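> If you scroll down you'll find the structure; I have some questions about it.
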Amino acid sequence: MGSILVGTASWTDKTLIASGWYPPEADTPEKRLRYYARQFGLVEVDATYYALPAEQTATSWAERTPAGFTFNVKAFSLFTQHPTPLRALPTDLREAAGKAGKDRLYLSDVDSAVVDQAWERFLLALEPLRQAGKLGAILLQFPPWFPISRARKDYIVACAERVAPRRVCVEFRNRTWMTPENQEETLGFLASHQLPYVCVDMPQGYPSSIPPVLSATSDLAVMRLHGHSDKWDSKDIYERFGYRYSDAELAEWAPKIRDLASGAEMTHVLFNNCYSNYAQVNARTLAERLEASDLYDDLQGKPGRAAAADQHRDLVPVDVIGDGLGQRPGDPQPGELPDTPVVRERFVLADDLVPAGVHGCCLPWPARRRCRRALCCGTTST
């Protein structure tokens, strides 16, 4: 199984800030991003859908996050054939784009030279993230009026070729792509071009509903969870995405996501139920469930998360007294304790390492409970 990153589709939403999820000291945009990046290794930038980003903004994002942090970035609305306000374009492009005489533009309304310029500026602005190794995938989320066709497949490929060597991932909102008779064709098309299909969990029964089909069509798998609001057709985004997954729902999703990750080198899981702290709380719960599953893999001698993290030199070994592995002179040997300890973990993140406790427990119990990013410590039970 490949690595799994879990995160949310926002860290700046006003209802999140008002929810109290951020501590009082995280009272500036910089402090909030730094805090978020200590909780999760992945985030999706949504603001880039509404306006072209500034290069200095991406530079700040790169500087405020640790090595290995990943930003997925939503493509500008014009690129995915959504209506785009004329004022969302840079000032010097508005005159040429405004020749159509419309305040809201579609791709077909805009001269190809303007589109080329917009793409060039979009990608240039993301370059600080790419240079820092922090740019994940550019999300191409196509609208409900984008049904399956040869011309639309060609457009998806053209977008992917335009941004290369950066990569895209593809989310559909028109059901024709994933009807039972078209699923194989759609997934085969994406796989033939090594384009990641964005798997979704969302309300069903609406014109934009896509079934929760999980499939890895590239070495990167992507999953976005939108929730199950009964007001999915509302114009109010907080009513539309105001859904908090229950622990039981997340318990069902964890093994499914692990199955998805078994077919990819990297899997991104993003919660888009961005109202209050719902996405962050759900992302933490799911991450902990996935970590617990990875622990089971490690105990069975399979490559779990500890093994994957060790490839990045993030982990250091922890000596567990009595397990017969990594013993130091003078340590008891197996059989010299009342019972042989059970090794739950053998690694700890180096930056979270604290003085060892008794009998191989590298973190005292309260500290283990606080340690959210680590596959924490070797513990014993008798």
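The values are calculated or read from the model by the stated rules, or taken from the named source; none is laboratory data. Because the structure is a prediction, the values reported are computed rather than measured. FYI the Cβ positions are ideal-geometry reconstructions off the backbone, even for glycines, and counts take in every protein chain you see.
> Condition first: loosely packed, with under 15 Cβ neighbours inside 10 Å and in a loop (DSSP other than H, G, I, E, B). Can you find one or more residues in the stretch 247-261 that meet it?
no
> What are the residues in the stretch 176-207 that are farther than 30 Å from Pro128 by Cα, surrounded by 18 or more Cβ atoms within 10 Å (Cβ to Cβ) and without any contact (Cβ under 8 Å) to a residue 40 or more places away in the chain, if any?
If the condition is that a residue be farther than 30 Å from Pro128 by Cα, surrounded by 18 or more Cβ atoms within 10 Å (Cβ to Cβ) and without any contact (Cβ under 8 Å) to a residue 40 or more places away in the chain, then Trp177, Met178, Thr186, Phe189, Met202 are the ones that fit.
> Starting from the stretch 279-292, keep only residues that are under 7 Å from Leu250 (Cβ atoms) and in the same structural domain as Arg224 (by TED's automatic domain parsing), then list their pairs with residues that are outside any helix (DSSP H, G or I) and β-branched (Val, Ile, Thr) whose Cβ atoms are within a distance under 8 Å, requiring at least 6 positions of separation or different chains.
Hits for this filter: Leu286/Val6; Leu286/Val269.
> Something else: State whether the residues of the stretch 125-136 include one that is within 30 Å of Met178 (Cα to Cα), surrounded by fewer than 16 Cβ atoms within 10 Å (Cβ to Cβ) and either at pLDDT below 95 or within 29 Å of the chain's Cα centre (by Cα) (or both).
The answer is no; no qualifying residue exists.
> Here is a further query. Could you go through the stretch 5-15 and let me know if any residue there is touching a Ser or Thr at 6+ places or on another chain (Cβ under 7 Å) and over 20 Å from Gly136 (Cβ atoms).
yes
> Restricted to the stretch 211-248, and to residues that are at pLDDT 95 or above and of a type in the set (Val, Ile, Thr), which residue is nearest to Arg289 (Cα to Cα)?
That would be Val222.
> Is it the case that the stretch 83-93 has a residue that's more than 16 Å from the chain's Cα centre (by Cα), of a type in the set (A, V, I, L, M, F, W, C) and closer than 29 Å to Ile4 by Cβ?
no
> Then there is this: Go through (1) buried (at least 20 other Cβ atoms within 10 Å of the Cβ); (2) among the small types (Gly, Ala, Ser); (3) over 29 Å from Gly68 (Cα atoms) and name the single condition Gly227 misses.
(3) is the only condition that Gly227 fails.
> Name every residue in the stretch 1-40 that is among the small types (Gly, Ala, Ser), assigned to a loop (DSSP other than H, G, I, E, B), in contact (Cβ under 8 Å) with a residue 60 or more places away in the chain and touching a helix residue (DSSP H, G or I) at 6+ places or on another chain (Cβ under 9 Å), in order of residue number.
Hits for the stretch 1-40 are Gly2, Ala9, Ser10.
> Still on this structure, please answer the following. Farther than 24 Å from His226 by Cβ and among the small types (Gly, Ala, Ser): which single residue out of Ala37, Ala54 fits that description?
Within the list Ala37, Ala54, the selection yields Ala54.
> Is at least one residue of the stretch 93-102 assigned to a loop (DSSP other than H, G, I, E, B) and buried (at least 22 other Cβ atoms within 10 Å of the Cβ)?
No: zero hits.
> Name the residues in the stretch 230-246 that are outside any loop (DSSP other than H, G, I, E, B) and either surrounded by fewer than 13 Cβ atoms within 10 Å (Cβ to Cβ) or of a type in the set (Ser, Thr, Tyr) (or both), would you? So that I can check it myself, show each step before the final result.
From the stretch 230-246, those outside any loop (DSSP other than H, G, I, E, B) are 237-241; that's our starting set.
Listed by number, the residues that qualify are Ile237, Tyr238.
> Being part of a loop (DSSP other than H, G, I, E, B) and hydrophobic (A, V, I, L, M, F, W, C) is the filter; apply it to the stretch 262-294 and report the residue that is surrounded by the fewest Cβ atoms within 10 Å (Cβ to Cβ).
Pass one, the stretch 262-294, residues part of a loop (DSSP other than H, G, I, E, B): 262-265, 272-277.
Subset that is hydrophobic (A, V, I, L, M, F, W, C): 264, 274.
Working: Ala264: 21, Cys274: 26.
Among those residues, the one meeting the criterion is Ala264.
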